[in-house]
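Presented below is the structure to which this report refers.
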Amino acid sequence: MRKKQEAEFLGLLEKHQNIVHKICRMYTYDEATHKDLFQEISIQLWKAYPKFRAESKFSTWMYRVSLNTAITLYRKKKRNVQTLPWESFDFKISAEDYDSTLDDNLKLMYAAIKELNDIDKALVLLYLEDKPYTEISETLGISEVNARVKMNRVKTKLKNILNP
């Protein structure tokens with residue numbers, strides 16, 4: 001029974017691993033920390049998997065466990081030494097027709113998102129994944145109306161951060 005459960009979990013984790021990577025990118029600044037957080041989230045998902053009752057989609061449950069793990073670790077590490085964000089280093093390979101506008105805009109957007117509080121970051125992450133408000137509210141443990149109101153407020157915050 002345990003082997004079956006393990007195989008099932010690994011299949012689901014592999015299928016939805018991009019969820020964890022996106023969360024790791026949002027809460028880390030370098031590759032080593034990203035890998036550490038990915039490993040910690042994977043461990044927490046495995047520990048919590050026997051309690052998964054399939055009352056929601058696996059991806060929704062995975063978001064919730066992953067975000068809770070990331071936020072918990074992020075808050076603990078905030079008290080430690082500050083590191084430089086990996087986005088601040090340019091390691092681009094030059095190409096004749098390369099237009100960095102999109103990369104630059106994405107960097108600005110992610111920098112603005114990182115200025116938000118933990119819940120707002122999670123909300124934006126789910127919104128950018130095109131998750132419906134029902135799933136966002138379920139993942140974050142808030143009402144659907146509250147998720148919509150918060151998202152409108154976050155959009156205003158992001159506009160103010162990006163266009164001071």
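So the values come out like this:
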item: Within segment 47-91, considering residues that are of a type in the set (Val, Ile, Thr), at pLDDT below 85 and touching a helix residue (DSSP H, G or I) at 6+ places or on another chain (Cβ under 8 Å), the one nearest to Ala7 (Cα to Cα); result: Ile71
item: Qualifying residues in segment 11-29 (those that are open to solvent by 70 Å² or more (accessible area, probe 1.4 Å) and touching a helix residue (DSSP H, G or I) at 6+ places or on another chain (Cβ under 9 Å)) - the one nearest to Leu108 (Cα to Cα); result: Arg25
item: Pair list, Cβ < 6 Å and 6+ apart or interchain, from segment 129-140 residues that are open to solvent by less than 40 Å² (accessible area, probe 1.4 Å) to residues that are assigned to a helix (DSSP H, G or I) and among the hydroxyl-bearing types (Ser, Thr, Tyr); result: Glu135/Thr60; Thr139/Thr60; Thr139/Tyr63
item: Identity of the residue in segment 143-164, aliphatic (A, V, I, L, M) and under 12 Å from Asp120 (Cα atoms), that ends up surrounded by the most Cβ atoms within 10 Å (Cβ to Cβ); result: Ala147
item: Helices (runs of 4 or more DSSP H) lying entirely in segment 105-164 (those with 3 or more residues that are hydroxyl-bearing (Ser, Thr, Tyr)); result: 133-140
item: Which listed residue, of Ala32, Ala54, Ala48, is open to solvent by 20 Å² or more (accessible area, probe 1.4 Å), without any contact (Cβ under 8 Å) to a residue 60 or more places away in the chain, among the small types (Gly, Ala, Ser) and on the phi > 0 side of the Ramachandran plot; result: Ala54
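The values are calculated or read from the model by the stated rules, or taken from the named source; none is laboratory data. Predicted, not measured: the structure shown is a model, and the values here were computed from it. When we count neighbours, we look across all protein chains shown, and the Cβ atoms used for this are built from the backbone with ideal geometry, even at glycine. In case anyone asks, the SASA skips ligands and DNA or RNA and just uses the protein heavy atoms, side chains included. Shrake-Rupley method; radii C 1.70, N 1.55, O 1.52, S 1.80 Å.
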